[in-house]
Amino acid sequence: MKRFFSVVICFALLFSSVCTVSAAFNKSEYNGYPVIVVPGYSSSAQYRIDENGNKVHVWGIDMNEIIAAVFKNIVKIGIDIGALATGNGKALGETVGKEFVKLYYDMACNPDGSSVYPLQRYCVTAEESNREQMLKKYDGDLIYQHETEILGEYAQYIGDENIYNFNCDFRMGAVFCAKQLDEFIQSVKEYSGKDKVNIFAVSHGGQVTGTYLTLYGEKGDVNNAVMTVPALGGAGLAYNLLADNIEFDEECLVRFVEHGMMFETDFNWLVRANELGFLDDVLNTLAPYARQILGYWGSIWDFCPTEFYEEMKAKNLDPVASAELITKSDYMHYEVMPDFSNGFRRAQDAGTDVYIVAGYDNHIVSGLNQSSDGIITINSSTGATAAPLGKRFADGYTQKVDTGFYQVSPSMTVDASTSYLPNQTWFVENFFHGMIYKDPYTAELLKTLLLTEKIKDVHSSAEFPQFHATTNKSHSVHAMFNNSTEGYVCSKDTAVIIKNLSEKYKMRISSVSVRGIDIDFSGAVFKKVLKPGESAEFRFTGQIPEISLANFDLVVDYTLIGSATPLGERLFNFTIMNGEAVDYDENKPFVSANIVSDFNKLLDENSDNLLTKTGSKTFFEMIYNIIRTFIKIIFGFVR
């Protein structure tokens, strides 16, 4: 029953909603160009014409159809859900899979990648896709509009008439969709009377936009192109689907949902100690049914990361029946993707400012064990070099490309110097896919990059450093040193600035502990209560070592006063930049991402296994840190 309750919580949270508001915007800074939103995967609604000439809705998702299918199978679904409690998920996977095929067969493609049915998009031209015209046509309904939360706010500053919703046949490959985007841009330019447009791209829209810039960017039709969490090099989720090896990361999913819903209560503990492998059974049973519809979509194959592409082709595609699909996807993988860096530079030379914002240091929910935003690996979205998940580059690591600036993340897990655009790419630690407006930093960064000319690269503004630890309020607390760029520390620093990210709870800092260098915060008596959104400095004793390129951890334990889950902890990684670089051991390029804590040093193997299995290790370590800090404070007073 505990397993079932955890699953219900996971999926209930997925379908919740939230509204956020970002900082005020100065209308006078708007660059005057219309904004085209190039949306994430499956956002574009489509229809077909039947044999009687009637319009048949094919996509997007019609909840009435889904509810009808559920009620038709209600008894069978009830039995299947009951089986989950015993760890059997295959029956539910088969039931859902069969209904999925029935509902969405019209979306299927032939083995050569062509559509079984000729489908059409609802909104094609600039006028049809213009926000002002769409609101009139659909009586204020937001149907067929994308990223409505973000663009709804932007409309207050730039007007509904300056916002356009691009729609593509997302089943087809990125090259096909990029051609549709080029045609749409020409339509918007003609309709608006402007000589350029701004592009806001999300996820799959980032892959389409990146392909457009590479193939058509020399035209100079775009002013600012901002790709957020772009699937430029593919998505791990597609690989897991094609490989039949989905290993569902339940805790990652719940953290994903907490991040998206901006919950200030932690739910991830519900699944931390559970082995919910039966969900893998559900999804792996469902996968072959899903491939009946998705298996020959060009976009699914463009999503397959290059390192797995040949293996997945051999496993899933007949070289004769799928020859045309293979030719198109080969072109994407071996001609377009390797040319992204050069393509973006050609676009820049033609007058387009190209930017990327991405997340890192999360697992992928479907199981691919690489640093990601939960869906797309950081290498795929940016071209950066990443350490294996759970590892970091060893102290003294030198970035692969000398860009003239130090561009390794504070956690020493990402080397940005190899990025498609090293100086126009921002990285957000623990930031999840598609959550650009769930973090005050990324929300304001997006608005500034897209609508103004204030920032040209990661060095333009101290307000927007290249690396940032997410300030989404589900993470409760943020910390940085008082005189260094976020994530780094030097001898000028005398204190750590801790901010309460909550919007409704007061916070008391219970302890601040450090792993890896000899500084101490126990002298900073933790009496102060931080109001929602408030920051305070906590001074430390000891000296920052006179070295550079060395990593250490800082752990903040806190209490959210009045929260259902009051005790919490967040770990921050910092890099010391305070002298000569330490020696780098090329024979040991990677080390564990987290330094062994004093609490872990107290545990034997059996105790460690028990606490990890029960999901209580973090809690007991937090209590240990608080007690140790309290004892240090008492001894400080006694002395």
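The values are calculated or read from the model by the stated rules, or taken from the named source; none is laboratory data. This is a predicted model, so every value here is computed, not measured. Here Cβ is always computed from backbone atoms with ideal geometry, including for glycine, and neighbour counts include all displayed protein chains. With ligands, DNA and RNA removed, areas are computed over all heavy atoms of the protein, side chains included. Shrake-Rupley method; radii C 1.70, N 1.55, O 1.52, S 1.80 Å.
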>> Translational diffusion coefficient of segment 394-451 at 4 °C, 1.567 mPa s, Stokes-Einstein with Kirkwood Rh over Cα pairs, in µm²/s as a whole number.
In response: 100 µm²/s
> For segment 94-171, how big is Rg over Rh, using alpha carbon atoms and the Kirkwood form of Rh?
Replying inline: 1.12
> Tell me, what is the FRET efficiency for PHE405 and ASN245 to the nearest 0.05, using R0 = 41 angstrom and their Cβ-Cβ distance as r?
Replying inline: 0.60
> Remind me, relative contact order of segment 342-482 in percent, using alpha carbon pairs under 8 angstrom and six or more residues apart?
Replying inline: 22 percent
>> For LEU213, LEU283, give me the order by solvent-accessible area with a 1.4 Å probe, most accessible first, ignoring ligands, DNA and RNA.
In response: LEU283, LEU213
> Which residues in segment 88-111 have a backbone N closer than 19 Å to a point placed 7 Å from the Cα of ASP318 along the Cα-to-Cβ line?
Replying inline: 108-111
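How much length is gained if the chain between LYS588 and LEU142 is pulled fully straight, taking 0.36 nm per residue apart and subtracting their Cα-Cα distance, in nm to one decimal? The partial results should precede the final answer.
Numbers: separation 446, 0.36 × 446 = 160.56 nm, distance 5.41 nm.
Stretched out fully, the LYS588 to LEU142 stretch lengthens by 155.2 nm.
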>> For a Förster distance of 45 Å, can you work out the FRET efficiency between the beta-carbons of ASP339 and ARG539, rounded to the nearest 0.05?
In response: 0.30
>> What whole-number distance in Å separates the alpha-carbon centres of segment 309-368 and segment 177-207?
In response: 20 Å
>> Could you report segment 426-501's accessible area per residue, 1.4 Å probe, as an integer in Å²?
In response: 28 Å²
> Remind me, relative contact order of segment 342-418 in percent, using alpha carbon pairs under 8 angstrom and six or more residues apart?
Replying inline: 21 percent
> So what's the net charge close to PHE481: Lys and Arg +1, Asp and Glu -1, counting the other residues with Cβ under 15 Å from its Cβ?
Replying inline: -2
> Once the other residues with Cβ under 12 Å from the Cβ of GLU537 are scored (Lys, Arg +1; Asp, Glu -1), what is the net sum?
Replying inline: +1
> So, counting K/R as plus one and D/E as minus one, what does the shell of residues with Cβ under 15 Å around MET577 add up to?
Replying inline: -4
> Separation of segment 86-131 and segment 498-563 by C-alpha centroid, Å?
Replying inline: 49 Å
>> List the GluC sites (Glu not before Pro) within segment 456-505 that DSSP assigns to loop and that have no more than 13 neighbouring Cβ atoms inside 10 Å.
In response: GLU463, GLU503
> By per-residue mean of other Cβ atoms within 10 Å, what is the highest-first order of 188-199, 431-442?
Replying inline: 431-442, 188-199
>> Just to be sure I understand: if I project the alpha-carbon convex hull of segment 338-493 onto a plane and average over all orientations, what area do I get in nm²?
In response: 10.0 nm²
>> I'd like the per residue volume of the convex hull spanned by the Cα atoms of segment 109-237, given in cubic angstrom.
In response: 128 Å³
> Can you work out the FRET efficiency for the pair ASP195 and GLU310, with r the C-beta to C-beta distance and R0 = 51 Å, to the nearest 0.05?
Replying inline: 0.75
